[in-house]
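This report concerns only the one structure given below.
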Amino acid sequence: MMIRSLKIIVVLFVSAYILSACGNSSFKEEIKLTKKSAEAAFKEKSEKPNQKLKEAEFYLPFGYEIKEKSANNIILKNGSKTYILFFNPKEDLKSDIVYKATQNQHKKIDVDEIFKSSKKLGYLIVEKLDDDMSEVTVGVGGAKLTTETKTGSMANETKAMMQIVNSVKIIKR
């Protein structure tokens, strides 16, 4: 009976090890896709804004809506998902101030990518929260957008998020 119990325990440990290795592998694969998706959306021509506030105008893809707004923060929803759009009106498209501040807010960064063009600076920061959830932040200059998402959805989420921040235009007063 003892040997049988020992075999079961060994099988459980081996299974857990294999499953954790597979999960890490899929995280790595999703990160590759996410980086490509973010960079491609960063390089695209920015979408025409379809939302206008006193402080800024920006594009929201179909399904996204504004839930709350304050001076520099806008809470967005898409179904059950929540996003925080932040913008600093004093920073231009090439600024790295918001990027550096975002880096400093994280304990452990799993992905830290910068995208540059002659006109703007973009970035992708990912912090893995648990086996299937990650915090994703994308930004362009003084604007950033953050959400928590499932690992398998990161690439698609990142594309839409980058389209949003890529379209932010500060209204000068």
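The values are calculated or read from the model by the stated rules, or taken from the named source; none is laboratory data. Computed from a predicted model, the values in this text were never measured in an experiment. Quick reminder, even Gly has a Cβ in these numbers, built from the backbone with ideal geometry, and neighbours come from all protein chains shown.
Within the stretch 155-173, which residues are β-branched (Val, Ile, Thr) and under 8 Å from the mean Cα position of the chain (by Cα)?
Thr158
Within the stretch 97-120, take every residue that is over 15 Å from Lys144 (Cα atoms) and touching a Ser or Thr at 6+ places or on another chain (Cβ under 8 Å) and give me the one that is surrounded by the most Cβ atoms within 10 Å (Cβ to Cβ).
My answer is Val111.
Of everything in the stretch 105-138, what is within 21 Å of Glu29 (Cβ to Cβ), without any contact (Cβ under 8 Å) to a residue 40 or more places away in the chain and aliphatic (A, V, I, L, M)? Give them in sequence order.
Residues satisfying the conditions are Ile109, Ile125, Leu129, Met133.
Among residues belonging to the stretch 55-93 that are surrounded by fewer than 16 Cβ atoms within 10 Å (Cβ to Cβ) and of a type in the set (S, T, N, Q), point out the one that is farthest from Lys120 (Cα to Cα).
The extreme case among them is Ser80.
With on the phi < 0 side of the Ramachandran plot and touching a helix residue (DSSP H, G or I) at 6+ places or on another chain (Cβ under 9 Å) as the only criterion, which of Val140, Val168, Val98 stands out?
Within the list Val140, Val168, Val98, the selection yields Val140.
Here is a list: Ser118, Ser153, Ser80. Which entry is more than 23 Å from Glu44 (Cβ to Cβ), modelled with pLDDT under 95 and out of contact with any Lys or Arg (no Cβ under 8 Å at 6 or more places or on another chain)?
Ser80 is the lone residue from the list that is more than 23 Å from Glu44 (Cβ to Cβ), modelled with pLDDT under 95 and out of contact with any Lys or Arg (no Cβ under 8 Å at 6 or more places or on another chain).
Which strands (runs of 3 or more DSSP E) sit wholly inside the stretch 53-96 and have at least 2 residues that are without any contact (Cβ under 8 Å) to a residue 24 or more places away in the chain, among the aliphatic types (A, V, I, L, M) and farther than 16 Å from Lys159 by Cα?
73-78
Mind counting the residues in the stretch 29-52 that are surrounded by fewer than 19 Cβ atoms within 10 Å (Cβ to Cβ), assigned to a loop (DSSP other than H, G, I, E, B) and not acidic (Asp, Glu)?
So the count comes out to 4.
In the set Gly142, Gly152, which member is over 12 Å from the mean Cα position of the chain (by Cα) and either charged (D, E, K, R) or farther than 21 Å from Lys36 by Cβ (or both)?
Gly142 is the lone residue from the list that is over 12 Å from the mean Cα position of the chain (by Cα) and either charged (D, E, K, R) or farther than 21 Å from Lys36 by Cβ (or both).
Residue by residue through the stretch 117-173, note down the ones that are part of a strand (DSSP E or B), in contact with a Leu (Cβ under 8 Å, 6 or more places away or on another chain) and among the small types (Gly, Ala, Ser).
The answer is Gly139, Ala143.
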